[in-house]
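Peer 1: There's a structure below that I have some questions on.
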Amino acid sequence: MPFLPSRKRLSELTEREIVALAIASEEDDARIYRNWAAFLRKDYPASAAVFDAMSAEEDTHRRLLLEVHQRRWGDAIPVIRREHVAGYVTRRPAWMMENLSLDRIRAEAAGMERDAAEFYAHAAQVSQDAPTRKLLGDLAAAERGHENRAAELTDQLLPDHVRAEEDAVAHRDFVLTWVQPGLAGLMDGSVSTLAPIFAVAFATQDPWTTFLVGSAASIGAGISMGFTEAASDDGVVSGRGSPIKRGISSGVMTTVGGMGHALPYLIPDFWTATTIAIIVVFIELWAIAWIQNRWMQTPFWRATLQVVVGGGLVMAVGVLIGSG
C-alpha cells in the first residue's frame, strides 16, 4: 500500500524518537481526558473531576519525558506521532469520542492505559537493543502506574453513591434519547398501520398489493415520525438529548413496526400470509408492552391494556372495513 513506506516500525526507531513518540502520546491522552472532562462536567461532575485529575497525571509524565529528552538530546524534539509508526496504539477521533456513553468513556479510558502498557511491554520484550529495551520497560511501568493511579482517583473522587447517581443520570439520558422516541415510533408503526394494511388485505385478498400498501404506509410513517421527532424539540431545554438521535430512533422503529406485519404478504397465499401477519402483530404488541414495563416502569397490566387491547381493536377495524 502506498502509505506504508512513510511509516516506521517501533523496532526501527531510535531512543530519541521513542521518547518523542511517548511525549506526543502523553499530550494526546491528556487532551482526550480534558475533552471528556469538559463534555461530562454538566451532567457528571464527579466523573469530570476524575478525568481532570487523569489529564494532570498525563501532563506530569509528559514533563518527565521532556526533561529526559532535554537532558540527553536538547530542546529540539523530533516530529513523530502515533500515525507515523506502524502497529502503534491508536485513538478514536474526537467526533467519535463525544458520542460514547458514560460507561463506554470509562471503559475507553481504562483501555487506553492498558493498551499503552501492554504495547510498551511487548515492544520491550522483542527489542534487541539493551538501552531501547530498558526505555520501553520503563514506559510500560509508567503506563501501568497510570492505570493504577486512575483507579485510585476513581475511588477518591467517584465513591459508590456518586457513581450510582451518575449511572442513574446516564440511564435517564439513554431512555429519553433512544428508548422513549423508539418506543413511540414502534407503537405508532405497529398500531397505526394495522387498519390500512388489513383493510387492503381483506378488500383485495391480493398479497402483493397488500405488501406494497403496507410498505408505503410503514416507510412513509417512519419518515414522518423521524422528522417530527427531530423538529419538535432540540433537547436543550427538555434535556432529551440530540434531536438527530431521537429522530433516527423514532423513524427507524416506526418503519420496523409497520413492516413487521407487511412482510408476511410477500407469501403468495393470502390466508397463509394473513395468519402469519396476525401472529406477528400480537408478538409486536406484547413486545411493546414488555418494553414499556422494562424501560418506562409502566405496570405490565396497564401496558397490556393500552397496547394489546388497543392494537387488537385497530386491527379488527381494518378487517371489518376491508371485508365490508
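The values are calculated or read from the model by the stated rules, or taken from the named source; none is laboratory data. As the structure is a prediction and not an experimental result, all values here were calculated from the model. Note that each Cβ is placed from the backbone with ideal geometry, even for glycine, and that neighbours are counted across all protein chains shown.
Peer 1: Being modelled with pLDDT of 85 or more, surrounded by fewer than 16 Cβ atoms within 10 Å (Cβ to Cβ) and not basic (Lys, Arg) is true for just one of Ala56, Ala20. Which residue is that?
Peer 2: The unique qualifying residue is Ala56.
Peer 1: Separate question: Restricting attention to region 39-51, does a residue exist that is in a loop (DSSP other than H, G, I, E, B) and loosely packed, with under 14 Cβ neighbours inside 10 Å?
Peer 2: Yes, region 39-51 contains at least one residue that is in a loop (DSSP other than H, G, I, E, B) and loosely packed, with under 14 Cβ neighbours inside 10 Å.
Peer 1: I've got another one for you. Examine region 64-74 for a residue that is surrounded by 15 or more Cβ atoms within 10 Å (Cβ to Cβ), in contact (Cβ under 8 Å) with a residue 60 or more places away in the chain and of a type outside the set (Lys, Arg), and state whether such a residue exists.
Peer 2: The answer is no; no qualifying residue exists.
Peer 1: Shifting gears a bit: Pairs please, first residue from region 287-299 and hydroxyl-bearing (Ser, Thr, Tyr), second anywhere and assigned to a helix (DSSP H, G or I) and surrounded by 19 or more Cβ atoms within 10 Å (Cβ to Cβ), Cβ atoms under 6 Å, 6+ apart in sequence or on different chains.
Peer 2: The qualifying pairs are Thr298/Gln292.
Peer 1: Would you check if there is a residue in region 219-232 being surrounded by fewer than 21 Cβ atoms within 10 Å (Cβ to Cβ), aromatic (Phe, Trp, Tyr) and modelled with pLDDT under 95?
Peer 2: yes
Peer 1: Name the one entry in Ala277, Ala287 that is crowded, with 16+ Cβ neighbours inside 10 Å and either touching a helix residue (DSSP H, G or I) at 6+ places or on another chain (Cβ under 9 Å) or part of a helix (DSSP H, G or I) (or both).
Peer 2: Testing whether each residue is crowded, with 16+ Cβ neighbours inside 10 Å and either touching a helix residue (DSSP H, G or I) at 6+ places or on another chain (Cβ under 9 Å) or part of a helix (DSSP H, G or I) (or both) leaves just Ala277.
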